[in-house]
Amino acid sequence: MIGPQGSHPRAARGFTLVECVLALAIVVVLALGGATLVERAVHAGRQAHARTVATALAAAKMEELRMLTWRVDHRSDGTNLRVSDLVSDITQTPATAGGPGLRPSPAESANRNTPGYVDYVDAQGRTVGTGSSPAPEAHYVRRWAVVPLASDPEDALVFIVVVSAIVEEARHASTSTQWEAARLVSLRARSRS
């Protein structure tokens, strides 16, 4: 049948149902892709924040380790006396007596919760506990190791500080990988006085 002005009815202006469904499908696919992109960006932002905070926490613990006494005193009789802090407990702030100080740490203390070499920190950066398991309000676990340098064990120590976000650590617990937000390593030689 021919309509007015000699055109077919199918040539009328407007969109068909197929065109509308196709356009709607394209919009849905783009929206889902955008939502996935936003979700990934938010996750990356959270991880970046966790790494930044963890790095600051690791640097603070490294400074606490470096502040402990580790020097050689020259005596008036010409001999040298090694002076080492072997009693400070830096799991407390401020440090107290009754800890390992700069004694060599047990193996794996930078990777496992080892009393005397671990503390837990809340979201505001305050220490909220020590020991083998974190306090409920803890957001970060901070572990450290004190290792004598193999080539000079009497006068040089290696400090290792590892900080992980507890949420990320729990997420990776079922795998053999360990998620670390920050790992700092430092060498300390005895200072001469």
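Details
- The set of residues from region 13-59 being of a type in the set (K, R) and either in contact with a helix residue (DSSP H, G or I) (Cβ under 8 Å, 6 or more places away or on another chain) or not in a helix (DSSP H, G or I) (or both) comprises just one member, R13.
- Selection of region 168-189 for residues being surrounded by 12 or more Cβ atoms within 10 Å (Cβ to Cβ), over 19 Å from D119 (Cβ atoms) and at pLDDT 90 or above yields R188, A189.
- Test set (1) at pLDDT below 95; (2) under 19 Å from the mean Cα position of the chain (by Cα) - V118 fails condition number: (1)
- For region 62-82, the criterion of a residue being free of Cβ contacts under 8 Å to residues at least 24 places away in the same chain, part of a loop (DSSP other than H, G, I, E, B), surrounded by fewer than 11 Cβ atoms within 10 Å (Cβ to Cβ) and among the small types (G, A, S) is satisfied by at least one position.
- Boolean, A123 is surrounded by 13 or more Cβ atoms within 10 Å (Cβ to Cβ) and either assigned to a loop (DSSP other than H, G, I, E, B) or among the small types (G, A, S) (or both): no
- Some residue of region 152-167 being in a strand (DSSP E or B), crowded, with 21+ Cβ neighbours inside 10 Å and modelled with pLDDT under 90: yes
- Residue check: G129 meets all listed conditions (1) at pLDDT 90 or above; (2) within 27 Å of H49 (Cα to Cα); (3) not in a loop (DSSP other than H, G, I, E, B) but one, namely (1).
- Positions within region 92-102 being loosely packed, with under 14 Cβ neighbours inside 10 Å and in a loop (DSSP other than H, G, I, E, B), in sequence order: T93, P94, G98
The values are calculated or read from the model by the stated rules, or taken from the named source; none is laboratory data. All of these numbers come straight from a predicted model, not from anything done at the bench. Because the Cβ atoms are built from the backbone with ideal geometry, glycine has one as well, and the counts that use them run over all protein chains shown.
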